[in-house]
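Input: a single structure, listed below in structure tokens.
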Amino acid sequence: MNITIIGSGYVGLVTGVCLAQIGHRVICIDNDAEKTKKLQQGKVPIYEPGLEELMKPLMKKKRLSFTTTFRAAIKASEVIFIAVGTPSKKSGEADLTYVENVAREIAVNMDSYKLIVEKSTVPAATGKRIERTVKMNLPKKLREGKRRIEFDVASNPEFLREGAAIDDFMNPDRVVIGVESKRAERLLREVYKPLKTHMVVTNINSAEMIKHAANSFLATKISFANALSQICDRVGADILKVADGMGYDRRIGRSFLNAGIGYGGSCFPKDVDAFIRLSEKSGYPFELLKEVRNINEQQKAAFVKLVEDKLWILKNKVIGVLGLAFKPDTDDMRNAPSIDIIRALQHEGARIKAYDPQAVANSRPYLKGVTYGKDPYATAKGCDCLLLLTEWAEFKKLNYKKIGQSMNRALIFDGRNFLNDKDLENNGFEYHGIGRGRPVENP
Ligand code: UGA
């Protein structure tokens, strides 16, 4: 099938490359000329394992191309995905300016039937607004009469995780499509046919709601585990065992019960905020989600408190940080918990030395006055303590004996409960995780 994807950001790019890989011919449009130029040269502007390798051969075979202009792409495609950004407004509500602009561009450039699919995470009922915008902006001669053009709007929310996006696309748990016509359903089923996965077919509003519900529920699971971790520390229980004990119950499941310094990224914080706003506007304020957000914020503050408790005076102490990205296998710093934690420690006068395998460049605009080590060893040298803030696999394989010996004090705070506490203690470290049953002395 001929498909256009509008927006070559994270979701749009991965979707475009993967749709081309499963057999379609895909054109990606983005109004950022510099980014598009890079993409045309086969360079991926984000760090996503496997994406660049997949992209290049598809471009060679002319199954995937990049452009900044609408006309030819829209003309050539029957199915058009909207995957532009939906940033947060001050109120938390999603800003749909880009979505509206794109709907207008599609309308003025279409010359035959189109299926317009929203892939960006949008508030419920956005589909209807897209439909209205396209209708309003279609040239009059194409709106009615003999030359009238038909179109459908559909919703196809994205469930990709950064860092695992290609595998998530190729092997999804399900594909959700929200459609209002048989034609739209048939076309979207055809798009995803090669994946041979379970399809949840529903109306547009329900599909939009599924995305809100799934992300909010996952954020709730994380905050539930984080709240448990606080109690674990106070009563001498170990959150790792508590989560295992709960997780073996198939009704609960072990995933997303990892306590730590809280969730970050471009999705959960923004989506939870947007869903809170949407629920308020709908007349049913979702109070539970406000607490999910509070717990997430408190988790970072509690971590800083723990560091303060063990180091006492932070002024002029040197703190080494391993990991800055909001999670491993990405260079994404958006809403990374490391930002708030580092700023809070700096506020108390601590000096920060940091290392991340991929996110250093992206971290610079968020972090001021941080010095960067060339590797974990150089970073830890001479530090009064180490903080592990992102669980990159390579941090498990470090020589912690050597690291501990090079530090001013062999003290480590594991913000992700990632490292083996016993191994570290055997290597001379004082180890503190999250909710591992070792109470803060002055909570
Ligand atoms: C999330 C969802 O998992 C995807 O399904 C969805 O498509 C995407 O948002 C989106 O809306 O676009 P992503 O933000 O890439 O994907 O990352 P996750 O792997 O879900 O992690 C989110 C955050 O939660 C990270 O900061 C991670 O460290 C944290 N987390 C995750 C925990 O603190 N504990 C856990 O047990 C799991």
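The values are calculated or read from the model by the stated rules, or taken from the named source; none is laboratory data. For clarity, every value in this text was computed on a predicted model and none was experimentally measured. For neighbour counting, all protein chains shown are included, and Cβ atoms are generated from backbone atoms with ideal geometry for every residue, glycine included.
Descriptive notes on the structure:
- Looking only at the range 143-167, and only at residues there that are within 23 Å of PRO123 (Cβ to Cβ) and among the charged types (D, E, K, R), the one that is surrounded by the fewest Cβ atoms within 10 Å (Cβ to Cβ): ARG161
- Each residue in the range 2-41 was checked for being of a type in the set (Asp, Glu), assigned to a loop (DSSP other than H, G, I, E, B) and over 22 Å from ASN156 (Cα atoms), and 1 pass.
- Residues of the range 401-443 that are of a type in the set (Lys, Arg), touching a strand residue (DSSP E or B) at 6+ places or on another chain (Cβ under 8 Å) and at pLDDT 95 or above: ARG409, ARG416.
- Subset of the range 25-35 (residues that are under 16 Å from ILE74 (Cβ atoms) and not acidic (Asp, Glu)): ARG25, VAL26, ILE27, CYS28, ILE29, ASN31
- Scanning the range 249-257 turns up one or more residues that are of a type in the set (Phe, Trp, Tyr) and in contact with a helix residue (DSSP H, G or I) (Cβ under 7 Å, 6 or more places away or on another chain).
- Filter pass, VAL175 being assigned by TED's automatic domain parsing to the domain that holds GLU100 and away from the ligand (no atom under 16 Å from the Cβ): no
- Flag if VAL304 is free of Cβ contacts under 8 Å to residues at least 60 places away in the same chain, within 19 Å of ILE261 (Cα to Cα), assigned by TED's automatic domain parsing to the domain that holds HIS432 and buried (at least 19 other Cβ atoms within 10 Å of the Cβ): yes
- Test: residue in the range 292-311 that is modelled with pLDDT of 95 or more and assigned to a loop (DSSP other than H, G, I, E, B): no
- Flag for ARG250 being modelled with pLDDT of 95 or more, surrounded by fewer than 16 Cβ atoms within 10 Å (Cβ to Cβ), over 26 Å from THR126 (Cβ atoms) and more than 14 Å from the ligand (Cβ to nearest atom): yes
- Test: residue in the range 215-228 that is farther than 26 Å from MET333 by Cα and either modelled with pLDDT of 95 or more or among the charged types (D, E, K, R) (or both): yes
- When residues of the range 8-39 are limited to those that are within 16 Å of the ligand (Cβ to nearest atom) and farther than 25 Å from ARG186 by Cβ, the one surrounded by the fewest Cβ atoms within 10 Å (Cβ to Cβ): GLY9
- Tally, over the range 32-73, of residues that are on the phi > 0 side of the Ramachandran plot and over 21 Å from the mean Cα position of the chain (by Cα): 2
- Taken together, ALA259, ALA237 contain a single residue that is away from the ligand (no atom under 15 Å from the Cβ), touching a residue at least 60 places away in the same chain (Cβ under 8 Å) and in a loop (DSSP other than H, G, I, E, B), which is ALA237.
- Boolean, ALA219 is in the same structural domain as PHE418 (by TED's automatic domain parsing), part of a helix (DSSP H, G or I) and within 12 Å of the ligand (Cβ to nearest atom): no
- Condition met for GLU291 (touching a residue at least 60 places away in the same chain (Cβ under 8 Å), surrounded by fewer than 19 Cβ atoms within 10 Å (Cβ to Cβ), more than 10 Å from the ligand (Cβ to nearest atom) and more than 18 Å from the chain's Cα centre (by Cα)): yes
- ALA184 meets the stated requirement of being more than 10 Å from the ligand (Cβ to nearest atom), buried (at least 16 other Cβ atoms within 10 Å of the Cβ), within 19 Å of LEU19 (Cα to Cα) and outside the structural domain of LEU419 (by TED's automatic domain parsing).
- Helices (runs of 4 or more DSSP H) lying entirely in the range 315-407 (those with 3 or more residues that are more than 26 Å from ILE46 (Cα to Cα)): 337-347, 376-380, 400-406
- Remark: VAL79 falls outside the filter, which requires a residue to be modelled with pLDDT of 95 or more and farther than 23 Å from ARG183 by Cα.
- Looking at ASN316, ASN335, just one residue is away from the ligand (no atom under 15 Å from the Cβ) and either at pLDDT 95 or above or over 15 Å from GLY262 (Cβ atoms) (or both), and that residue is ASN316.
- Unique residue being of a type in the set (Val, Ile, Thr) and either surrounded by fewer than 18 Cβ atoms within 10 Å (Cβ to Cβ) or free of Cβ contacts under 8 Å to residues at least 24 places away in the same chain (or both) when the list is THR371, THR390: THR371
- Residue in the range 192-200 that is in a helix (DSSP H, G or I), touching a residue at least 40 places away in the same chain (Cβ under 8 Å), away from the ligand (no atom under 16 Å from the Cβ) and over 25 Å from the mean Cα position of the chain (by Cα) present: yes
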